[in-house]
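Student: Structure in structure tokens, see below.
The values are calculated or read from the model by the stated rules, or taken from the named source; none is laboratory data. Model, not experiment: these values are computed from the prediction. Note that each Cβ is placed from the backbone with ideal geometry, even for glycine, and that neighbours are counted across all protein chains shown.
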Amino acid sequence: MKTPGDIPQFYLGVRNAETLNREGWEQNFQSPQFRNFANLLTDAMIVVDPDELVVFLNLAAERAARLSKPFESQKLATFQRFSDFDMDEFLAAAQRGQTQGFVRSKVSGTVYQANRRMLSIAGSATGFTVYFLRDPENIERSKRGVQGRAISASDRKETARLLFPERLKLQIEQATRAYARGFRILLLGESGVGKTAIARHIHLTAGDKGRPFIHVNSGSIPETLFESEMFGYERGAFTGALQAGKRGFIESAGGGTLFLDEIGEIPLSSQPKLLNFLEDGTIQPVGSSVAKKIETRVIAATNRDLSDMVRNGSFRKDLLYRLSTFPVEIPPLRNRTDKAEILDMMLERASAERGAPLKLSPACRSILLRHSFPGNLREVKSVVDYLDIVADDVAAPEHLPPSFGHGPSAAAEDVQSALELSGSGLTLKEMTRAFEEKVINEALDRLGSKRAAARELGVDIATIVRKTNRAND
């Protein structure tokens, strides 16, 4: 039984020309389920009612038509006049009963493959008409069996492997479902924990591959330029403006994802205009008197405590509420249990890129697994990249970056210490004891525990306890 708002059954209706009454079809077109589903399509979709009124445009149609304002509930003839689509030939062919043809772009000359489907109204000789327009780029992608994407397949594979410790899986799956339904996601976590990779994963998994993913680092935009960069500007809006004007980040994200990274860095003076966009989906470029309706979904991220910023007056409470429909807290690497898996994945990728295996000696692996990695995933990648450069096939402790205290400089200092002891007048046994004490004390200072020092030095903890007690006698 067909029910208005049932997306799979609606599309079955399109294909098989099953009938509903007019009210049933109108409920379908207005339902959030239908609109969210239709907005995932890469083909432009235009729905026209029996009175020749445009009742629905999906995001792909709005983007391709280059519309400056919403055109629903406008006559099809008016839509043609103001849009980029030259549909005259196709509509004339449709009058002769043809269901396929071509539509041309007035500006670029791009030729779209056009299809027409009739949706009959029960008890009436009339019905709704649905037009699907596919551009040549999408046709070529379909022939190759690959959907166009703003993010590479390797990115998708990496995010899937890298970002899902068990306790995060459910949250990210829930966030993806919320995003697909149009809710906003707020990613919270320290720098380097993988917020950008998670945002990309959500964008892809929710079905937005082939649609724009616009990553905006809010902290990198000077306050004086924030409004023009985010909302765009018209020709001659200010001194130094580009002759043709400029599209802002929000408009560039139309039909896809706007990822507002470091949202806590947005100037307080610019927050009201961003709030307005989040409330009604419209922007007004600098120098323009016309508002534009932009359909895009928003993911925000920050490493700051936004609640604390609200309390001290540097971040608007209403903006926080608008952004945090579904918050996701990402733990730092020091609190995660999958460090070994992450390290192995990074090594596997480095091995693939160099065309030869990159492995870790047991001692080097032990040091890395004990390291807290305050820089989180970003630091892991940096360390593996360093090992990729300095090591041949097996990375040892001396290949680690100097900050680990195991590199060539540390080894040279140890040799120098031994040479100094050799001229001190001590016996070999006394020099050996002094050198052992130095090495053990340095390990204890760096690692903070006897057990960790024992693991690093390759001895049992009883040996460390005995030798430290002897040094204190």
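Student: Restricting to segment 106-134, name every residue that is polar (S, T, N, Q), assigned to a strand (DSSP E or B) and either free of Cβ contacts under 8 Å to residues at least 40 places away in the same chain or closer than 14 Å to LEU41 by Cβ (or both).
Tutor: If we filter segment 106-134 for residues that are polar (S, T, N, Q), which is where we start, we get 108, 110, 113, 115, 120, 124, 126, 129.
This time we only want the ones that are assigned to a strand (DSSP E or B), so: 113, 115, 120, 129.
Passing the criteria: GLN113, ASN115.
Student: Within segment 155-178, is there a residue that is at pLDDT below 85 and at positive phi?
Tutor: no
Student: Here's another thing I want to ask about it. Tell me, yes or no, whether segment 83-101 has at least one residue that is within 29 Å of ARG177 (Cα to Cα) and either assigned to a helix (DSSP H, G or I) or modelled with pLDDT under 75 (or both).
Tutor: No: zero hits.
Student: Being closer than 24 Å to LEU170 by Cβ, of a type in the set (A, V, I, L, M, F, W, C) and within 22 Å of the chain's Cα centre (by Cα): is that true of ILE294 here? Steps first, please.
Tutor: Numbers: closer than 24 Å to LEU170 by Cβ: no; of a type in the set (A, V, I, L, M, F, W, C): yes; within 22 Å of the chain's Cα centre (by Cα): yes.
For ILE294, the condition - closer than 24 Å to LEU170 by Cβ, of a type in the set (A, V, I, L, M, F, W, C) and within 22 Å of the chain's Cα centre (by Cα) - is not met.
Student: Does at least one position in segment 403-413 carry a residue that is assigned to a helix (DSSP H, G or I), surrounded by 17 or more Cβ atoms within 10 Å (Cβ to Cβ) and either among the aromatic types (Phe, Trp, Tyr) or at pLDDT 90 or above (or both)? Even if it seems obvious, please write down each step before you answer.
Tutor: So in segment 403-413, the residues assigned to a helix (DSSP H, G or I) come out as 403-404, 408-413.
Then keep just the ones that are surrounded by 17 or more Cβ atoms within 10 Å (Cβ to Cβ); that gives 404.
Now narrow it down to the ones that are either among the aromatic types (Phe, Trp, Tyr) or at pLDDT 90 or above (or both): 404.
Yes, because at least one residue in segment 403-413 is assigned to a helix (DSSP H, G or I), surrounded by 17 or more Cβ atoms within 10 Å (Cβ to Cβ) and either among the aromatic types (Phe, Trp, Tyr) or at pLDDT 90 or above (or both).
Student: Quick check, is THR325 β-branched (Val, Ile, Thr) and over 30 Å from LEU377 (Cβ atoms)? Can you show your working first?
Tutor: Details: β-branched (Val, Ile, Thr): yes; over 30 Å from LEU377 (Cβ atoms): no.
Taking the combined requirement at face value, the residue does not satisfy it.
Student: Would you point out which residue out of LEU187, LEU204 is at pLDDT 80 or above and closer than 23 Å to ARG334 by Cα?
Tutor: LEU187
Student: In addition: Looking only at segment 321-342, decide whether some residue is exposed (fewer than 14 other Cβ atoms within 10 Å of the Cβ) and aromatic (Phe, Trp, Tyr).
Tutor: Yes, segment 321-342 contains at least one residue that is exposed (fewer than 14 other Cβ atoms within 10 Å of the Cβ) and aromatic (Phe, Trp, Tyr).
Student: Ok, one more. Out of the residues in segment 297-353 that are more than 19 Å from the chain's Cα centre (by Cα) and among the small types (Gly, Ala, Ser), state the one that is nearest to GLN271 (Cα to Cα).
Tutor: Here the residue is SER314.
Student: Could you please find all residues in segment 82-138 being surrounded by 17 or more Cβ atoms within 10 Å (Cβ to Cβ) and of a type in the set (Phe, Trp, Tyr)?
Tutor: The answer is PHE85, PHE90, TYR112, PHE128, TYR131, PHE132.
Student: Can you name the residue in segment 335-368 that is touching a helix residue (DSSP H, G or I) at 6+ places or on another chain (Cβ under 7 Å) and among the β-branched types (Val, Ile, Thr) and is also modelled with the lowest pLDDT among such residues?
Tutor: For segment 335-368, the residue satisfying everything is ILE342.
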